[in-house]
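What follows draws every value from the coordinates through simple rules; no lab data is involved. Since the model is a prediction, treat every value here as computed from it, not as a measurement. Reconstructed Cβ throughout: ideal geometry from the backbone, glycine too, with neighbour counts over all protein chains shown.
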């Protein structure tokens, strides 16, 4: 049961199972929690895409002296991001 405090504000008063929770604002930002995953996005970007793009670019780094990024570990992290974020 959602109890409305005003026309735009409310809170969950009682529940047995919540399938999906959505937060959004007038700027186009949206956060959805559903089935063990989280989606955070605005009109043009999503958190998952930003993180995956970052990991891809870090994977491309080649270090002449020292240690280059561990690409297999970065690929595992990418999969974990995909599992958590949509």
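Miscellaneous remarks
- For the range 68-78, a residue qualifies if it is without any contact (Cβ under 8 Å) to a residue 24 or more places away in the chain and part of a helix (DSSP H, G or I), and the qualifying residues are 71, 72, 73, 74, 75, 76, 77.
- Checked against (1) more than 30 Å from residue 77 (Cβ to Cβ); (2) in contact with a helix residue (DSSP H, G or I) (Cβ under 6 Å, 6 or more places away or on another chain), residue 40 passes all but a single condition, namely (1).
- Filter result (in contact (Cβ under 8 Å) with a residue 12 or more places away in the chain and part of a loop (DSSP other than H, G, I, E, B)) within the range 43-67: 43
- Candidate set: the range 24-38, residues that are part of a strand (DSSP E or B) and in contact (Cβ under 8 Å) with a residue 12 or more places away in the chain; chosen: the one farthest from residue 84 (Cα to Cα): 30
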